[in-house]
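Chemist: I have a structure I would like to understand better, so I am pasting it below and will then ask my questions one at a time.
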Amino acid sequence: MSTHQPSARCQALFVAAPASGQGKTTITAALARLLRNQGKVVRVFKTGPDYLDPQVLAQASGQPVDQLDLWMAGEAYCRQRFYQAAESADIILVEGAMGLFDGEPSSADLAALFGLPLVIVMDVKGMAQTAAALVSGLASFRDDIHIAGMIANACASQRHRELIEAALPESIPLLATVPRDAELALPERHLGLVQAEEIREELETRFEAAAQVLEVDGLAERVFALPPVTFMAAEEEATVAQPLLAGKTIGVAKDAAFSFIYQANLDLLEQMGAVLRFFSPLTDNCLPPCDALWLPGGYPELHAPTLAENTAMRGSIQDFFAADKPILAECGGMLYCLETLTDYAGATHPMLGLLTGRGAMRGRRGCQGMQTAELPEGALRGHAHHRSMAEGTPEPIAHGRRQRHSAPGEAIYRHRQLTASYLHFFFPNNPVAVARLFTGFAAAPQHIDRQEARSCS
């Protein structure tokens, strides 16, 4: 990187944990709200491909939340997002994914690359001194990270706190404790947290209560006592989007059934010149005037009766498809494109029928993981995360290539101008391929992967 690249400096903290389910999102949201209440401009980032946590963190901080992943987005993208945030923020918070060292790349890799101090959030129920031992082990596992402290979640009492604090090494202070309190935890469902827009008022109550707990411990002052971090801008050529979608209008489904949308994807489409028109398959009667259509993932299974009953919207999308206009359907959007969808109660509902096949929910078992879609338009990275299956679908044109496994990934289907898959794509990974998807293709491409295997079926 050129030494002449601009830089920005501000406070930063990376909130990590030894495993999933320790309370990272609860603590990150509470800290963001505490700092916001103190008049600070707080920019929050979420590590990895996550849609639900960013919704919660955006409400808590009052600022947009972007996902950062070194494999899916690349170093230059992450670098530029940090730099842009640091230009206007008083503090940057990053919430990690899974355990600190899990995944390739891991939360630790991101923290190490950008020199971010780490705080370890740990659910300490059922242990005391052992919690200190675990944090000490995390701190000594790699020498390129700096753990600035620990936050003990689900702490039972003052005595519990004292036992943990006394066992911690001097270099890892106990920054705060959060009591065992169901009123502070964030509500969950089968794919993760409940969507923020469904429980906004309830979240406000929880944010304020948790923020007050952290305020009593003086966490904000301890965080701002840490040395600030310098963020460098990415090279200019890595940040300039070409106007590949100039003059195009893209209809984007966005409501309670379809909300798994990266803000970065929307930003890129607009940077490439597209005009975005949002609509609701649940409540609108027809599509807005548009040249292409994006049906993102979400929770169609929770709203299947309403989607089925909205025959006017179904007819509008079917007409759009029949007119050979480009449609991209991801995960929940793909389920909507199938002939039927069977919900968790076992009821089957008619869907769009743009693609032959039947979708069905299947309990707690699911598929997840990073994959590269080898599309005719170009390779595009993304991820899968679903608890449903699709049967009776046509032969795919390709399968996703898994990040760390040789088995075929998610099937990718194409019918007329429709491209559909369980994969959620990260558009900035390959803007040219994305532009080609939304401008359409002259004819259906030849199959480039004829393997019979269908993942997660």
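Chemist: Sequence-distant or interchain residues sharing an amide H contact under 5 Å with residue 178, placed H: which?
Modeler: Here 152, 153, 154, 155 satisfy the definition.
Chemist: Continuing with the same structure: Using only C-alpha atoms and all pairs of different ones, pull out the Kirkwood radius for segment 241-439 in Å with one decimal. Working shown, then result.
Modeler: Numbers: mean 1/r = 0.0601 Å⁻¹.
For segment 241-439, inverting the mean 1/r across all distinct Cα pairs yields 16.6 Å.
Chemist: According to a simple spin-label model (label point 7 Å from Cα along Cα-to-Cβ), what is the distance in nm between residue 167 and residue 180?
Modeler: Here the modelled spin labels are 1.6 nm apart.
Chemist: While we're looking at this one, here's another question. For segment 92-146 and segment 244-318, what is the separation of their Cα centres, given in Å?
Modeler: A separation of 38 Å, based on Cα centres.
Chemist: Would you tally the net charge around residue 41, using a Cβ to Cβ cut-off of less than 12 Å, leaving residue 41 out, and scoring K and R as +1, D and E as -1? Before the final figure, lay out each step's value.
Modeler: Numbers: positive: 36, 40, 43; negative: 87, 90.
So the surrounding residues net to +1.
Chemist: Need the full-extension length gain, residue 4 to residue 344, defined as separation in residues times 0.36 nm minus the C-alpha distance. One decimal, nm.
Modeler: Working: separation 340, 0.36 × 340 = 122.40 nm, distance 5.63 nm.
Length gained, residue 4 through residue 344: 116.8 nm.
Chemist: Let me ask another. Lysine pairs in the chain with Cα distance under 26 Å, only those 8 or more apart or on different chains: how many are there? Don't skip to the answer; put the middle values down first.
Modeler: Numbers: 24/40; 24/46; 24/125; 46/125; 46/254; 248/325; 254/325.
Qualifying lysine pairs in the chain: 7.
Chemist: Could you give me the radius of gyration and the Dmax of segment 1-156, taking only the C-alpha atoms into account and expressing both in angstrom?
Modeler: According to the Cα coordinates of segment 1-156, Rg and Dmax are 15.2, 52 Å.
Chemist: Full-extension gain between residue 156 and residue 125, please, as 0.36 nm times their residue separation minus the C-alpha to C-alpha distance. Let's see the in-between values first.
Modeler: Numbers: separation 31, 0.36 × 31 = 11.16 nm, distance 0.73 nm.
Result: 10.4 nm gained on full extension.
Chemist: With r defined as the distance between the Cβ atoms of residue 212 and residue 19 and R0 fixed at 35 Å, what FRET efficiency is calculated, to the nearest 0.05?
Modeler: Numbers: r = 27 Å, r/R0 = 0.76.
That pair, residue 212 with residue 19, gives E of 0.85.
Chemist: Please give, to one decimal in nm, the separation of the simple spin-label points placed at residue 249 and residue 286, each 7 Å out from Cα toward the Cβ.
Modeler: 1.2
Chemist: Using the Karplus curve 6.51 cos²θ - 1.76 cosθ + 1.60 with θ = phi - 60°, what ³J(HN,Hα) values do you get for each residue of segment 406-414, in whole Hz, with x for Gly and Pro?
Modeler: Listing the rounded values in order: 7, 5, x, x, 5, 5, 10, 10, 9 Hz.
Chemist: Let me ask another. What nm distance separates the two modelled labels at residue 102 and residue 278, each placed 7 Å from Cα along Cα→Cβ?
Modeler: Between residue 102 and residue 278, the label points sit 3.1 nm apart.
Chemist: Right, next: 5 Å is the cut-off here: which amide hydrogens, built 1.01 Å from N in the peptide plane, fall below it relative to residue 148, excluding neighbours closer than 5 in sequence?
Modeler: HN-HN under 5 Å from residue 148: 118, 119.
Chemist: Projecting each Cα onto the charge dipole of the chain (Lys/Arg +1, Asp/Glu -1 at the beta carbon, about the Cα centre), which of 413, 107, 426 comes out farthest on the positive side?
Modeler: Highest projection toward the positive end goes to 413.
Chemist: Taking amide H positions as placed 1.01 Å from N in the peptide plane, with prolines and chain starts having none, which residues 5 or more places from residue 278, or on another chain, fall under 5 Å of its amide H?
Modeler: Correct list: 252.
Chemist: When you have a sec, figure out the Kirkwood radius of segment 1-50 from all distinct Cα pair distances and drop it here in Å to one decimal?
Modeler: Working: mean 1/r = 0.0750 Å⁻¹.
Here the Kirkwood hydrodynamic radius works out to 13.3 Å.
Chemist: Tell me the Kirkwood hydrodynamic radius of the chain in angstroms, computed as one over the mean inverse distance between distinct C-alpha pairs.
Modeler: On the way: mean 1/r = 0.0433 Å⁻¹.
Result for the chain stands at 23.1 Å.
Chemist: How large is ³J(HN,Hα), in whole Hz, for each residue of segment 415-423 in order, when computed from phi with the Karplus curve 6.51 cos²θ - 1.76 cosθ + 1.60 and θ = phi - 60°, using x for Gly and Pro?
Modeler: Whole-Hz 3J(HN,Hα) from phi for segment 415-423: 9, 6, 9, 8, 10, 9, 6, 6, 6.
FYI, it's all coordinate maths here, none of it is from the lab. From a predicted model like this one, the values you see are computed outputs, not experimental measurements. Cβ atoms come from the backbone with ideal geometry, glycine included; neighbour counts cover every protein chain shown.
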